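Heads up, the thing below is written out as C-alpha cells.
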Amino acid sequence: MSSAVVPVSGIDRRVVGAQRDLGAMRSASAQCPSGAATTACRATEAGLDELLDVRLDRTTARRRLYAVAVT
C-alpha cells in the first residue's frame, strides 16, 4: 500500500473491491483449477490481508489517540 494517508472509508472501498476480486478468482479457480489460478488467488488474498491490517492499524490508532486525549 502507498505511504499516502488514505481515509478509512477509502481503505474500506479497497477492501470491498479486493473481496469481490478474490471471490471471482476463487470461483474461476474452482471451475478450472490450475497452478496459475492458485497463485493468483494467494496473491489477491495477501493483498486483502494487507488492506485489512492497514485498516486495523488505522482504527486502533484512532482509539489509542482518543483514549490518550480523554484521560
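Taken together, the residues in region 31-50 that are of a type in the set (A, V, I, L, M) and closer than 17 Å to residue 14 by Cα amount to 3. Residues in region 18-62 that are closer than 19 Å to residue 7 by Cβ and of a type in the set (A, V, I, L, M) were compared, and the one that is farthest from the chain's Cα centre (by Cα) is 61.
Where a number appears in this text, it was derived from the coordinates with a stated rule and is not lab data. Because the structure is predicted, anything quoted here is derived from the model rather than measured. Methodologically, a virtual Cβ is constructed for each residue, glycine included, from the backbone with ideal geometry; neighbour enumeration extends over all protein chains shown.
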